[in-house]
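A.B. asks: Sharing a structure below in structure tokens format, with a few things to ask.
Nothing in this text is a laboratory measurement; each read-out follows from the coordinates by a stated rule. This structure is a prediction, so every number in the text was calculated from the model and none was measured. FYI the Cβ positions are ideal-geometry reconstructions off the backbone, even for glycines, and counts take in every protein chain you see.
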Amino acid sequence: MKARPLKNYLLAPGPTAVPAEVLLQIASPTIHHRTPEFEKIVSGVREQLKEVFATTQDVIVLAASGTGGMEAAVTNTLSPGEVVLCVNAGKFGERWLNICRTFGLEVEELRVEWGRPVEAGAVESALRRRPEIRAVLVQASETSTAVLHPIEAISRLTRAHDTLLLVDGITAVGVTEMPMDRWGIDVLVSGSQKAFMLPPGLAFIALSERAWRASESAKLPRFYFDLRRERDNLHKNTTAYTPAINLMYGLSCALGMMLEEGLPAIFARCDRLMRATRAGAQAIGLELVAKESPSPAVTGVFTPPGLDGGAIQKYLRYALGVEVAGGQDQFKGKILRLAHLGFTGDFDVITVLAALELALSRFGAEIAFGRGVGQAQTILAEALPPAAPQG
Ligand SMILES: Cc1ncc(COP(=O)(O)O)c(C=O)c1O
């Protein structure tokens with residue numbers, strides 16, 4: 001008989017755990033999408049998404065993973081040969097570069113050491129050096145390095161230089177403040193399997209007025225991802241093509257849950273879980289990947305020197321039932337990424353830190369059990385409700 005953990009905990013930075021209420025909605029019988037019943041769902045989701053994106057613009061839902069949303073951001077706003085500035089500070093920054101090069105854009109690459117946020121000053125220098133830069137493309141939260149980039153500061157620069165700002169908010173929207181209209185973000189992209197507590201399969205994308213104007217003259221090829229067509233359909237509470245109907249049931253439910261908790265409360269929760277995870281990891285003796293500007297979606301930790309991060313990740317998965325992410329590319333086998341976005345609460349942090357203590361001790365590290373957990377608890381205690389009995 002093969003020993004298996006009794007329970008599994010999905011604590012990777014996507015896909016993230018899906019609440020039972022949402023799963024039950026997704027399991028409802030599929031209805032036809034060209035019906036008033038489905039249009040009602042689209043109409044509700046439309047308004048809810050605007051709140052989450054903090055915009056008065058339409059937020060378009062695509063049946064695609066997040067990368068589809070990134071591709072749509074590029075093809076709907078740019079033309080062949082135009083110059084773009086791509087911040088490359090990790091795996092997902094590289095993806096912006098790859099998409100732009102695939103579509104024949106001239107890429108000015110702004111390389112940043114993995115584990116560090118881009119400096120707004122470096123963006124400014126690039127914009128001064130090449131005034132023809134048509135757009136700046138950046139992650140809000142670079143999931144591969146667990147770093148948050150300074151989007152508000154960059155948005156001040158792109159507005160001053162009359163340059164478009166395309167933001168991959170895939171692990172930032174619904175995790176931390178990312179007010180699209182207030183900050184003047186031109187394109188904001190996210191995906192269902194992150195803060196939205198859904199399975200993968202939906203991308204969300206919103207365009208500013210300036211970006212919609214750009215979409216009228218943009219010459220890159222687009223068909224499935226032609227957002228003008230989607231917007232026209234959305235105004236009739238429908239979609240251009242067959243939508244991911246059951247995921248839309250789930251989206252309606254998940255957005256309801258998010259707005260009931262309230263965005264400020266969600267942001268505070270993710271921030272608290274991040275601080276607890278970081279403090280716990282440091283108490284275990286682990287080095288943090290992001291020394292400054294950490295992402296409230298995910299914490300990256302270096303595994304102790306001499307230990308194989310990949311083997312520890314597998315042990316966490318198969319022996320303990322705790323799914324965290326490993327490192328990619330230059331961080332492969334060297335780091336673990338512990339998520340705290342979406343349907344993640346205080347005891348998920350305790351679980352992941354306790355599992356890490358157990359796994360590391362199994363791999364020969366000197367671990368004082370409970371030290372990481374205890375340190376995390378001191379931070380989680382900040383948000384304890386009053387002691388009066390509740391009922
Ligand atoms: C910041 C960021 N950008 C892009 C992606 C790619 O999204 P997808 O895998 O849904 O295409 C991810 C996925 O982890 C991500 O975290």
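A.B. asks: Where does each of 82-93, 133-144 land if you order them by average Cβ count within 10 Å, highest first?
C.D. replies: Details: 82-93: 23.1, 133-144: 26.9.
Top to bottom by mean Cβ count within 10 Å: 133-144, 82-93.
A.B. asks: How large is Rg/Rh for the stretch 27-172, to two decimals, with Cα atoms and a Kirkwood Rh?
C.D. replies: My calculation of the ratio gives 1.04.
A.B. asks: Please list log₁₀ I(q)/I(0) at q = 0.24, 0.25 Å⁻¹ for the stretch 216-301, using the Debye equation with identical point scatterers on the alpha-carbon positions.
C.D. replies: Result of the Debye calculation: -1.09, -1.14.
A.B. asks: Next question. By how many nm would the segment from Tyr241 to Glu47 grow when fully extended, if each residue of separation counts as 0.36 nm and the alpha-carbon distance is taken off? All intermediate terms of the calculation are to be shown ahead of the outcome.
C.D. replies: Numbers: separation 194, 0.36 × 194 = 69.84 nm, distance 2.04 nm.
Separation in residues times 0.36 nm, less the Cα-Cα distance, equals 67.8 nm.
A.B. asks: Let's see if you can work this out: charge +1 on each Lys and Arg Cβ, -1 on each Asp and Glu Cβ, no other charges. What is the dipole magnitude of the chain about its Cα centre, in debye to the nearest 20?
C.D. replies: 660 debye
A.B. asks: Another question about this same structure. In a Debye calculation with equal point scatterers on the alpha-carbon sites of the stretch 135-292 and no solvent, what is log10 I(q)/I(0) at q = 0.16, 0.17, 0.20, 0.21 Å⁻¹?
C.D. replies: Values returned for q = 0.16, 0.17, 0.20, 0.21 Å⁻¹ are -1.07, -1.18, -1.43, -1.49.
A.B. asks: Something else about it: Could you tell me the extents of the stretch 273-340's C-alpha atoms along the three principal axes, largest first, rounded to whole Å?
C.D. replies: 29, 24, 22
A.B. asks: Please state, as a whole number in µm²/s, the translational diffusion coefficient that the Stokes-Einstein equation yields for the stretch 125-186 at 4 °C and 1.567 mPa s, with Rh defined as the Kirkwood radius across alpha carbon pairs. Kindly include the intermediate steps, with their values, before the conclusion.
C.D. replies: Values: Rh = 12.0 Å.
Rounded to a whole number, D works out at 108 µm²/s.
A.B. asks: In straight Cα distance, which lysines are under 16 Å from Lys332, not counting same-chain residues fewer than 8 positions off?
C.D. replies: Counting by Cα, and skipping residues close in sequence, Lys332 has these lysines nearby: Lys91, Lys314.
A.B. asks: Another question about this same structure. As a test of the formula, what do you get for the chain when each DSSP H run with n ≥ 4 contributes -39,500 (n - 2.57) and the sum is divided by the residue count, at 222 nm and rounded to the nearest 500 deg cm²/dmol?
C.D. replies: Details: 14 runs with 164 residues, N = 391.
Rounded to the nearest 500, it is -13000 deg cm²/dmol.
A.B. asks: Right, another one. Is any residue of the stretch 333-370 close enough, with backbone N under 15 Å, to a label point placed 7 angstrom from the Cα of Ala383 along the Cα-Cβ axis, and if so, which?
C.D. replies: Flagged as within label range: 339-351.
A.B. asks: Moving to a separate point now. Among rounded, prolate and oblate, which fits the chain when a ≥ b ≥ c are the square roots of the eigenvalues of its C-alpha gyration tensor, a/c under 1.5 means rounded, and a/b larger than b/c means prolate?
C.D. replies: Note, shape of the chain comes out oblate.
A.B. asks: Please report the relative contact order for the chain, taking Cα pairs under 8 Å with a sequence separation of at least 6, and give it as a percent rounded to a whole number.
C.D. replies: Result for the chain is 23 percent.
A.B. asks: Could I ask something else about it? Does the stretch 269-384 come out rounded, prolate or oblate, given a ≥ b ≥ c as the square roots of the eigenvalues of its C-alpha gyration tensor, rounded meaning a/c under 1.5 and, failing that, prolate meaning a/b above b/c?
C.D. replies: Details: a/c = 1.56, a/b = 1.31, b/c = 1.19.
Since a/c reaches 1.5 and a/b is larger than b/c, the shape of the stretch 269-384 is classed as prolate.
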